[in-house]
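Written below as structure tokens is the structure these notes are about.
The values are calculated or read from the model by the stated rules, or taken from the named source; none is laboratory data. Nothing here was measured: the structure is a model prediction, and the numbers come from that model. So basically every Cβ, Gly included, is an ideal-geometry build from the backbone, and we count neighbours across all protein chains shown. Remember, those area values only see protein heavy atoms, side chains included, never the ligands or the DNA or RNA. Shrake-Rupley method; radii C 1.70, N 1.55, O 1.52, S 1.80 Å.
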Amino acid sequence: MTLNSWTEVAAEADLFEGAGFNVKPEGRDIALFKLEDGVFAIDNLCTHGNAQLCDGFMEGSHVECPFHQALFDVRDGSVQCGPATEPVKSWPVKVEGGKVYLDLTL
Ligand code: FES
């Protein structure tokens, strides 16, 4: 990983526990989620259909797809409950000086 691989995407103050936050760095569509122990980032588009996970209901570290209620773990993008079967991509996050950065090179 190079020193320049982090891209600033949001202010930490924009994020609230229990709600997703959509960012579109470099043409990507990513949802940020704040939990008690940090900020996590996954692809915003559900792998089952055309739904935005940033609009989903949060339950602990899981977000529920607003269309058919598939559950994804925002920590790693894994599927916890169908109908989705494919995980969403998760992205490395760094929070520093009140700003949220993603490593979009991975
Ligand atoms: Fe997300 Fe169907 S679109 S579960």
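Here the chain exposes an accessible surface that is 49 percent carbon and sulfur, computed with a 1.4 Å probe and the other protein chains kept in place. Straight Cα distances below 16 angstrom link Lys24 to the lysines Lys89, Lys99, with same-chain residues fewer than 8 positions distant left out. By DSSP, the beta bridges lying fully in the chain are antiparallel in about 95 percent of cases.
Averaged over its residues, the chain has an accessible area of 54 Å² per residue, based on protein heavy atoms and a 1.4 Å probe.
Label zone of Glu8 (point 7 Å out along Cα→Cβ, amide N under 16 Å): in region 81-103 this covers 94-103. Among Leu15, Leu32, Leu53, the residue with the largest mean-square fluctuation in a Gaussian network model of the chain, with springs joining Cα atoms closer than 10 Å, is Leu15. When the Gaussian network model of the chain links Cα atoms closer than 10 Å, the mean-square fluctuations of Val95, Val79, Val39 top out at Val95. Given +1 at the Cβ of Lys and Arg, -1 at the Cβ of Asp and Glu and no other charges, the dipole of the chain around its Cα centre is 220 debye to the nearest 20. Applied to region 14-20, the Karplus parametrisation 6.51 cos²θ - 1.76 cosθ + 1.60 on θ = phi - 60° returns per-residue 3J(HN,Hα) values of 6, 9, 10, 4, x, 9, x Hz, with x for Gly and Pro. The orientation-averaged projection of the convex hull spanning the C-alpha atoms of the chain amounts to 6.3 square nanometres. Remark on Val100: its backbone amide H falls under 5 Å from those of Val9, Ala10, Ala11, Glu12, a criterion applied only to residues 5 or more positions apart or on other chains, H modelled at 1.01 Å from N.
Between Asp14, Asp37, Asp73, the Gaussian network model of the chain with springs among Cα atoms under 10 angstrom shows the greatest mean-square fluctuation at Asp37.
For region 22-38, backbone nitrogen atoms closer than 16 Å to the point 7 Å from Phe16 Cα along Cα-to-C-beta are found at 22, 32-36. Building the convex hull from the alpha-carbon atoms of region 59-106 and averaging its projection over directions returns 4.2 nm².
If you bin all the Cα-Cα distances of region 1-58 at 5 Å, starting from zero, the percentages per bin are 4, 18, 27, 24, 16, 8, 3, 0.
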